[in-house]
Amino acid sequence: MQIVKTVEEVRAQVKAWKKEGLSVGLVPTMGYLHEGHKSLIDRAVKENDRVVVSDFVNPTQFGPNEDLATYPRDLDRDAKLCEEAGADLIFNPEPENMYAKDACTYITMEDVSLTKNLCGKTRPIHFRGVCTVVGKLFLIVAPDRAYFGQKDAQQLAVIKRMVRDLNFDVEIVGCPIIREEDGLAKSSRNTYLSAEERQAALILSKSLNKGRKLVEAGERDAKTVIKAIEDEIATEPMAKIDYVQIVNFDNIEDIDTLTGNILCAMAVYIGKTRLIDNFIMEV
Ligand code: AMP
């Protein structure tokens, strides 16, 4: 497995693979890899001849008061996981390899729920950064398929729309959320949690399960489901809700009556750490 730092090295390698007629899968990540990332890499290895994992903490998707500086990094550990999973190349650029000092071209969406609702409400520049870096990775790696987790469901919806709107020649593959045994969705940010907070963080999956069960039992009123989830979260004193919402998964618009492909999503602060979780259901 190779670890490369520059766009030119990735391009040269992918060109050589394509010349041999090999298919290429891409797994975009910010590193500090865990079982969630591994599930994406495993799937990519199964479905492609060669797999590129990008390992890049992308500065343009972090707001000024967010955790860019403290985001956990460990390339050696990441390399081990990628190698064991059967990846062929890690692209680990420095920010200056990805963004020229005077870069001024970004991929932004119009003023739509896809990027303005849910996480877009408190992270106004986040999806501009995500679209731009993922668009750049698609142009650098030219993958046949790219793998994204449903853990970041809004991101998955945004990327699907960007690919459709801009005719990127790549198949987007969404992959299920991987959880700890007790239900907590795996996340690089879980490392921020103290032991007590780690326990309190179970309220996310626990309350979502409550909501899911209500919908499974036939409840179709969004407000009723949201209220039940919020009431459950309120039982955990360390938890502070950023949002609990139910939206159409395709366009991330709020819905009152549950029908079609729905996304029930939440962001909750446990102490200073902001965690997200969700479930997606065809109703
Ligand atoms: P990140 O490094 O957090 O930017 O995540 C990189 C990719 O891994 C994204 O597509 C995430 O949705 C996905 N991912 C992160 N955590 C999980 C998880 N627990 N289960 C499945 N996919 C995940």
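The values are calculated or read from the model by the stated rules, or taken from the named source; none is laboratory data. Keep in mind that what you see is a predicted model, and the values were worked out from it rather than measured. Quick reminder, even Gly has a Cβ in these numbers, built from the backbone with ideal geometry, and neighbours come from all protein chains shown. Quick note on the areas: whole protein, heavy atoms, side chains included, nothing else; ligands and nucleic acids left out. Shrake-Rupley method; radii C 1.70, N 1.55, O 1.52, S 1.80 Å.
Of everything in the range 26-61 that's in a helix (DSSP H, G or I) and of a type in the set (A, V, I, L, M), which residue is farthest from the ligand (Cβ to nearest atom)?
The initial filter retains those residues of the range 26-61 that are in a helix (DSSP H, G or I), namely 35-47, 59-61.
Still in the running and of a type in the set (A, V, I, L, M): 40-41, 44-45.
Details: 40: 5, 41: 9, 44: 11, 45: 15 Å.
That would be 45.
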Within the range 110-167, helices (runs of 4 or more DSSP H) holding 2 or more residues that are within 16 Å of the ligand (Cβ to nearest atom), at pLDDT 95 or above and open to solvent by 40 Å² or more (accessible area, probe 1.4 Å): 126-141, 153-166
Hits in the range 8-51 (condition: open to solvent by less than 20 Å² (accessible area, probe 1.4 Å) and out of contact with any Gly (no Cβ under 7 Å at 6 or more places or on another chain)): 10, 14, 17, 24, 25, 26, 27, 29, 31, 33, 41
Residue in the range 221-242 that is more than 22 Å from residue 123 (Cβ to Cβ), in contact (Cβ under 8 Å) with a residue 40 or more places away in the chain and open to solvent by less than 50 Å² (accessible area, probe 1.4 Å) present: no
Tally, over the range 215-260, of residues that are farther than 11 Å from residue 203 by Cβ, outside any loop (DSSP other than H, G, I, E, B) and either of a type in the set (Val, Ile, Thr) or at pLDDT below 95 (or both): 8
Any hit, the range 187-210, residues being open to solvent by less than 30 Å² (accessible area, probe 1.4 Å), within 11 Å of the ligand (Cβ to nearest atom) and either in a loop (DSSP other than H, G, I, E, B) or in contact with a Phe, Trp or Tyr (Cβ under 6 Å, 6 or more places away or on another chain) (or both): yes
Matching residues, the range 171-186, being part of a strand (DSSP E or B) and either within 11 Å of the ligand (Cβ to nearest atom) or over 17 Å from the mean Cα position of the chain (by Cα) (or both): 172, 173, 174, 175, 179, 185
Test: residue in the range 6-25 that is within 16 Å of the ligand (Cβ to nearest atom) and under 17 Å from residue 89 (Cβ atoms): yes
From 72, 64, residue being part of a loop (DSSP other than H, G, I, E, B), surrounded by fewer than 18 Cβ atoms within 10 Å (Cβ to Cβ) and within 11 Å of the ligand (Cβ to nearest atom): 72
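Taking residue 10, is it more than 11 Å from residue 85 (Cβ to Cβ), more than 14 Å from the chain's Cα centre (by Cα) and part of a strand (DSSP E or B)? So that I can check it myself, show each step before the final result.
Values: more than 11 Å from residue 85 (Cβ to Cβ): yes; more than 14 Å from the chain's Cα centre (by Cα): yes; part of a strand (DSSP E or B): no.
For residue 10, the condition - more than 11 Å from residue 85 (Cβ to Cβ), more than 14 Å from the chain's Cα centre (by Cα) and part of a strand (DSSP E or B) - is not met.
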Some residue of the range 2-14 being of a type outside the set (S, T, N, Q), within 16 Å of residue 145 (Cβ to Cβ) and touching a residue at least 12 places away in the same chain (Cβ under 8 Å): yes
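Tally the residues that are open to solvent by 50 Å² or more (accessible area, probe 1.4 Å) and touching a strand residue (DSSP E or B) at 6+ places or on another chain (Cβ under 6 Å), restricting the search to the range 176-186. Steps first, please.
Step one: of the range 176-186, the residues open to solvent by 50 Å² or more (accessible area, probe 1.4 Å) are 176, 178-182.
After this cut, where a residue has to be touching a strand residue (DSSP E or B) at 6+ places or on another chain (Cβ under 6 Å) as well, the list is 179.
Number of matching residues: 1.
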Failed condition for residue 78, given (1) open to solvent by less than 20 Å² (accessible area, probe 1.4 Å); (2) more than 16 Å from the chain's Cα centre (by Cα); (3) away from the ligand (no atom under 12 Å from the Cβ): (3)
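Evaluate the following for residue 164: is it of a type in the set (Lys, Arg) and in contact (Cβ under 8 Å) with a residue 60 or more places away in the chain? Walk me through it before giving the result.
Numbers: of a type in the set (Lys, Arg): yes; in contact (Cβ under 8 Å) with a residue 60 or more places away in the chain: no.
No; evaluated as a whole, the condition is false for this residue.
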